[in-house]
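The values are calculated or read from the model by the stated rules, or taken from the named source; none is laboratory data. Here the structure is a predicted model, which means the values were calculated and not measured. Glycine gets a Cβ as well: all are built from the backbone with ideal geometry, and neighbour counts include every protein chain shown. Only protein heavy atoms, including side chains, enter the accessible area calculation; ligands, DNA and RNA are left aside. Shrake-Rupley method; radii C 1.70, N 1.55, O 1.52, S 1.80 Å.
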Amino acid sequence: TFVPGKQPIHYALDALAFAQSYHHGTFRDNWTNVADKELSIYKRTLPEISQAIPVHRAEKVIEGVSADEVANVLTSYECRRQWDTRFDSVHLLESFGAESHTAFVVTKGGFPFRDRGFYLANVLARTTLARRATGESEQTADGRTTIFVVSASFSEDSAQGFSKAKYNQYSLPVGRVFVDGWILETLDPYGSENYAIPSTRCTRVAAVDYAGSVPAAVNS
């Protein structure tokens, strides 16, 4: 359940904290492999996220592009129409700058299910990798930055100041995104892996409840 009075952006910040914790080594054990065709996909139930909806995780290195270039694609709704076949439309609610905003996003349900609406808070954050130089006590940044593009649902009550007739004119059922996070790292060009320069390791963690009469398997 949503916390009364909790601001929409705080849900996104909670999801960001989870994505950063995962990136720094937490929640790395006890994942179950559920798909292994084009890329490996894993799932795990995390009470910190949801007692019922498992978190799914996948990772892939995209060669020839930097993390900033990937982030630009992920944060553009026009680009999303090209890479996300389930994306239908978006109605922006509030913008806070630096890609932080709230929106009502509609995704395609697929026959025989109706489309779904989601009240989403979105944030983009960057962290610079720090490295301790040999023989020195100071930590120095090596210039590489990890980018987090994160979304999470917030309570419909927080959108009462907006006209539902404009953004949900068909009274679509509303689902919940517990976390939808992208972790983007431009790889070290001097690393041992033989990838093109630049290349980006993309990790996605997601837990989504489409709610209503949709079977639980569809959430996967």
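Before moving on, here are some points about what is shown:
- Looking only at residues of region 190-220 that are open to solvent by less than 60 Å² (accessible area, probe 1.4 Å), assigned to a loop (DSSP other than H, G, I, E, B) and of a type in the set (Gly, Ala, Ser), we find that the one that is modelled with the lowest pLDDT is Gly191.
- Filter result (crowded, with 19+ Cβ neighbours inside 10 Å and aliphatic (A, V, I, L, M)) within region 47-61: Ile49, Ile53, Val55
- Selection within region 84-127 - of a type in the set (D, E, K, R), open to solvent by 40 Å² or more (accessible area, probe 1.4 Å) and under 25 Å from Gln7 (Cβ atoms): Glu94, Glu99, Arg126
- Selection of region 88-101 for residues being in a strand (DSSP E or B) and within 19 Å of Ala71 (Cβ to Cβ) yields Val90, Leu92, Ser95, Phe96, Gly97, Ser100, His101.
- Look at region 18-39: where a residue is within 17 Å of Asp180 (Cα to Cα) and in contact (Cβ under 8 Å) with a residue 60 or more places away in the chain and a partner is open to solvent by 100 Å² or more (accessible area, probe 1.4 Å) and of a type outside the set (Gly, Ala, Ser), sitting 6+ places away or on another chain with Cβ atoms under 8 Å, you get Phe18/Glu48; Tyr22/Arg28.
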